[in-house]
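Please read the structure below before turning to the comments.
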Amino acid sequence: MRIPTHPGLLLITAYLLTSGAQAQNNVQVQLVQWANGLSEPVDIANCGDSRLFVVERDGLIRIITDSMTMQSTPFLDISSEVNNPQDEQGLLGLVFDPEYAQNGYFYVYYTGGSGTGESRIARFQVSADSSQADPASETVLFTWPQPYYNHNGGDLNFGPDGYLYCGFGDGGSAGDPQNHAQTLSDPLGTLIRIKPEPDSTYSIPLDNPYVNAGPDTLPEIWANGLRNPWRFGFDQLTGDLWIGDVGQSAHEEVDLWPAGDNSGPNFGWHCYEGDASFNTAGCQGMNAYVFPLTTHDNVAIGGTWCSSVGGRVYRGTLYPHLYGRYFYTDYCAGEVWDLWPDGQGGWNDAMAGDFNAGYVCIAEGADGTLYLANQANGQVRKLVDKCPMDPPIVTNLGDSLVSSNANSYQWYGPEGFIAGATQSSYVPDTSGAYYVVANFGNGCVLTSDSVQFIVTNIADLVDHARLLVYPVPADDLLRVSKDGVVGRTSLTLYDPAGRIVLSGEMGPEVDHLDLSVENLRSGAYILAWRSASGQLLARRAALILH
């Protein structure tokens, strides 16, 4: 780059950069076919290896191998025990014992009996053949009669404390007229927490919130105030509990409860639906209830959701951009959304993909990969990062801004959208924050962090002063060549914070200087060229990229 030789004032850029706003790029996901031909799949679990175990509502559990092949013989068939599956009943949930590799135990939640039936939590054991369970090994641990065919809950998971958590709906019927969810004498509308014992019984953890509450309260209850916690799960890293609770006719919700807190959260139903009042007669003050982290409008009030489906926090390693985000969905909308911390104590909530309706489960494989089951079309799909590339990076070259490579670009500045600024580089004429929105194809449109560009007027430099800096960018060696000035001169390299990181001199007989920059971080630096008397002859940008 050479200094122009024109009279008057010269417009150059000051290189002391200030931090701009961080881009809020939401991830975009897609669903990849993993298996089809299933009959009403409603849950997915893993036992610690590469296989997926898929629950079919009519009473079968099937195995999908890592080759995406579904075994023809079911892992378990209890269809003869499942009450004629209708509405929201059937074989609904599956979880493997944390010590499955040693004891072969797994647990299911299903509706048995006749009429409106009863909810059963039962334990089975695998046979000598790892692809076959022993149907005769059933031990029923817990039962409760169901007053209606809907709001039966059905999920069960082991928490980080090693205890078994099971979700019950409020028993059905619009509005929970009997207010089961606020009544601690039955498990309807609650999560219970038990410790399965080696025999046919279970014990109650001593730190359950109602363990000593008296005969009118079930000591198994760990949380209440839920309408139908169809799917819930624990963050595998933090142990936090996430619940997708199905709304009545206005609000679908997602709840969050921190790990290790066994104080007995009350999630508010039917006093509140979501964060809105529903039937507050006889209810406590608002501070007695835990309100949702986020809600979505039900189709009955003009929204697109009808049945919130709780998901999982992604803790796999294949898709770094997805890490730490909670993915959830809805039966009617078919949208996959994600929640992630905003860095200020709150949360971001955005749609990551729009797909078919009918998804009823988001579950983890042993490696942390997320899978979704679609009850309506009999498919299992894998959730992947649609846009695994990094967002664009804007580099301040001193006289211009340059974006890293993409298919197309649109620049934004202090006043917003910049018409016609659609090239990979842009020369600002106003100080302020700038960023670029880059299109990478396949629907992947990502935003860079903003960069401050400060424009200042300084007196004209020596007309014939010329300084060449190359290569651009430099990797391990930066060469500076001078022309048109005699005498001894000095070179100083500053980092973006204005600190001197390198310096050197050039005499009359030396026309260039090589600077070793291999130990400097990648970024934009400032190179100042001065005469022996200290007069500034030129200032240049030096871009280092390793």
Cα extents of the chain along the principal axes, largest first, in whole Å, come to 101, 56, 43
Along the stretch 512-523, Karplus-curve 3J(HN,Hα) (6.51, -1.76, 1.60; θ = phi - 60°) to the nearest Hz, with x for Gly and Pro, reads 8, 9, 9, 10, 7, 10, 5, 9, 8, 6, 4, x
note: the stretch 33-91, Cα-Cα separations exceeding 13 Å make up a percent value of 59 percent
Within the stretch 213-312, the percent of DSSP beta bridges that are antiparallel, given to the nearest 5, stands at 90 percent
Counting only residues 5 or more apart in sequence or on a different chain, those whose built amide H sits under 5 Å from that of Asn83 are Thr111, Gly112, Gly113
The answer for Tyr525, listing residues at least 5 apart or on another chain whose modeled amide H is closer than 5 Å to its amide H, is Ala542, Leu543, Ile544
The base-10 log of I(q)/I(0) that the Debye equation returns for the stretch 148-252 at q = 0.17, 0.23 Å⁻¹, one scatterer per C-alpha, is -0.79, -1.26
Going residue by residue through the stretch 209-215, the Karplus relation 6.51 cos²θ - 1.76 cosθ + 1.60 with θ = phi - 60° gives ³J(HN,Hα) values, rounded to whole Hz and with x marking Gly or Pro, of x, 10, 5, 10, 7, x, x
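So if I place +1 on the C-beta of Lys and Arg and -1 on the C-beta of Asp and Glu, and nothing else carries charge, what would the dipole magnitude of the chain be about its Cα centre? I want it in debye, nearest 20. Walk me through the numbers before you get to the answer.
Values: 25 positive and 61 negative charges, 406 e Å.
In debye, rounded to 20, the chain gives about 1940.
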Sites removed, the longest contiguous part of the chain containing no DSSP-loop GluC sites (Glu not before Pro) with at most 13 other Cβ within 10 Å is 100-414
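Going by average Cβ neighbours within 10 Å, how do the peptides 194-204, 41-51 rank, with the highest at the top?
Numbers: 194-204: 13.6, 41-51: 20.3.
For the peptides 194-204, 41-51, the packing ranking is 41-51, 194-204.
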As a Kirkwood estimate from alpha-carbon pairs, the stretch 105-198 has a hydrodynamic radius in angstrom of 14.3 Å
Once phi for every residue in the stretch 296-309 is put through the Karplus expression 6.51 cos²θ - 1.76 cosθ + 1.60 (θ = phi - 60°), the whole-Hz ³J(HN,Hα) values, with Gly and Pro written as x, are 10, 6, 6, 4, 5, 10, x, x, 10, 9, 9, 7, 4, 10
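First obtain the Kirkwood hydrodynamic radius of the stretch 463-544 from its Cα pairs, then insert it into the Stokes-Einstein equation at 10 °C and 1.306 mPa s, and state the resulting D in µm² per second as a whole number.
On the way: Rh = 12.7 Å.
The Stokes-Einstein estimate is 125 µm²/s.
A short reminder: the numbers here are calculations on the coordinates, not readings from a lab. Everything quoted here is computed from the prediction, not taken from an experiment. Here Cβ is always computed from backbone atoms with ideal geometry, including for glycine, and neighbour counts include all displayed protein chains.
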